[in-house]
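The values are calculated or read from the model by the stated rules, or taken from the named source; none is laboratory data. Note that the structure is predicted; figures quoted are calculated from it, not measured. Note: ideal-geometry Cβ built from the backbone for every residue, glycine included; neighbour counts use all protein chains shown.
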Amino acid sequence: MSHEESPAFSQQHIYLQQAPKSLAGKLISLILGIAFLTLAFMFSLVALAVVAVGGVALWGWLWWKTRAIRKQMREQPAQDSPTGFETGRVIDGEVIRETTGTPPAGYLPR
């Protein structure tokens, strides 16, 4: 006789698939279901709070560790920029230059 054909296994298998038939069984199932859902909701709130506090702590640590770099960037004069402009704005553009005459040897137009 195999494991699947044993009477204890088949009855247990059938028992787990059957819904409770009595009113007391249904009431106990409802109460247990509500209790498990409540516990799961409470666990998710605690987990969310832990993640949020950890994220804020990490942000604060990074902010504290980079304060010297931010101060140095604020105090650094803008004259180090290649254009020499003090405004801090970057304008992206394209330059088209028309020339007369023959191009130099090896020049490939784009």
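List of remarks:
- Residue check for residue 60: at pLDDT below 95 and surrounded by 10 or more Cβ atoms within 10 Å (Cβ to Cβ): no
- Residue match in the range 43-50 (condition: of a type in the set (Val, Ile, Thr), modelled with pLDDT of 85 or more, more than 25 Å from the chain's Cα centre (by Cα) and surrounded by 10 or more Cβ atoms within 10 Å (Cβ to Cβ)): no
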